[in-house]
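Undergrad: The following block contains the structure, expressed as structure tokens.
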Amino acid sequence: MAVSRSLRRLLKLRHLEEEQSRVALESALSELHRLERALEAAGERGRLSRRLLQQSVRTGELPDRIAAIEEGHAALRQTIVLEAAILNSKQSADTLRANYQLARVERRQVEILVQEAEAAEALDTDRRSQQSLDDRYGSRRQVAMAAAARLAKELEEPGEEEVSEAGKKP
């Protein structure tokens with residue numbers, strides 16, 4: 001029972017599907033990390049705007065104060081947009097992770113089928129090989145026994161002639 005070509009093709013297809021799922025998951029995770037770093041940068045931008053605002057209060061520079069306030073608003077808007085994008089990215093990554101795990105399970109199922117078929121094939125081959133050895137040994141044994149029987153018969157026949165010759169002499 002050889003492993004069929006279609007089963008091997010299915011295994012190859014499952015490997016490819018798993019690889020594509022893994023690449024898509026890695027891409028989504030890298031996008032998620034990029035968004036998280038951008039969120040950290042937006043947080044740092046907000047902290048810098050607050051420092052600039054504090055400095056402008058001490059120095060009394062109105063343009064710096066207005067710039068700091070606008071910078072803070074921009075950082076806040078950027079944070080809101082990035083948090084929504086991160087949420088979407090996490091949901092997408094979760095879906096892709098589930099797809100990857102499913103593809104992996106499907107590949108492993110086909111892999112197990114192929115391994116079982118190969119094991120059955122190996123067992124059948126071993127059984128046939130052992131049967132061939134047993135048949136060869138059995139036929140050699142029969143030939144040896146037949147030869148031994150012929151030899152014993154040949155050895156017995158001269159003994160009968162001697163007995164009959166011995167009977168003729170007296």
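Undergrad: Where the convex hull is taken over the Cα atoms of the chain, what is its projected area averaged over directions, in nm²?
TA: Working: hull surface 76.5 nm².
Quarter of the Cα hull surface area: 19.1 nm².
Undergrad: How many nm separate the modelled label positions at Leu62 and Arg150, each set 7 Å beyond the Cα in the direction of the Cβ?
TA: In this crude label model, Leu62 to Arg150 measures out at 13.0 nm.
Undergrad: If one computes the Cα centroid of the stretch 20-51 and of the stretch 109-142, what distance in Å separates the two points?
TA: 58
Undergrad: Hey, got a sec? Which GluC sites (Glu not before Pro) in the stretch 28-66 land in a DSSP loop and have at most 14 other Cβ atoms within 10 Å?
TA: On the way: sites: Glu31, Glu36, Glu40, Glu44, Glu61; in loops: Glu61.
For GluC sites (Glu not before Pro) across the stretch 28-66 that sit outside H, G, I, E and B with at most 14 neighbouring Cβ atoms in 10 Å, the list reads Glu61.
Undergrad: Run the numbers for Arg140 and Lys12: contour at 0.36 nm per residue of separation, minus the present Cα-Cα distance, in nm.
TA: Net length gain for the segment: 41.3 nm.
Undergrad: Projected onto the charge dipole of the stretch 38-156 (+1 at Lys/Arg Cβ, -1 at Asp/Glu Cβ, origin at the Cα centre), which of Tyr137, Ile86, Gln101 gives the Cα projection farthest towards the positive end?
TA: Result: Ile86.
Undergrad: Pairing the Cα long axis of helix 62-168 with the longest principal axis of the chain, what angle in degrees results, from 0 to 90 and rounded to the nearest 10?
TA: Approximately 0 degrees, to the nearest 10.
Undergrad: What angle, in degrees between 0 and 90 and rounded to the nearest 10, separates the Cα long axis of helix 5-59 from the longest principal axis of the Cα atoms of the chain?
TA: The helix 5-59 is inclined about 20 degrees to the chain.
Undergrad: So how strong a dipole does the chain carry about its Cα centre when Lys and Arg Cβ are +1 and Asp and Glu Cβ are -1, to the nearest 20 debye?
TA: Numbers: 29 positive and 30 negative charges, 207 e Å.
For this selection, approximately 1000 debye.
Just so you know, all these numbers are worked out from the coordinates, no wet-lab data involved. Since the structure is predicted, the reported quantities are computational estimates derived from the model, not experimental observations. Glycine also receives a Cβ, built like all others from the backbone with ideal geometry; neighbour counts cover every protein chain displayed.
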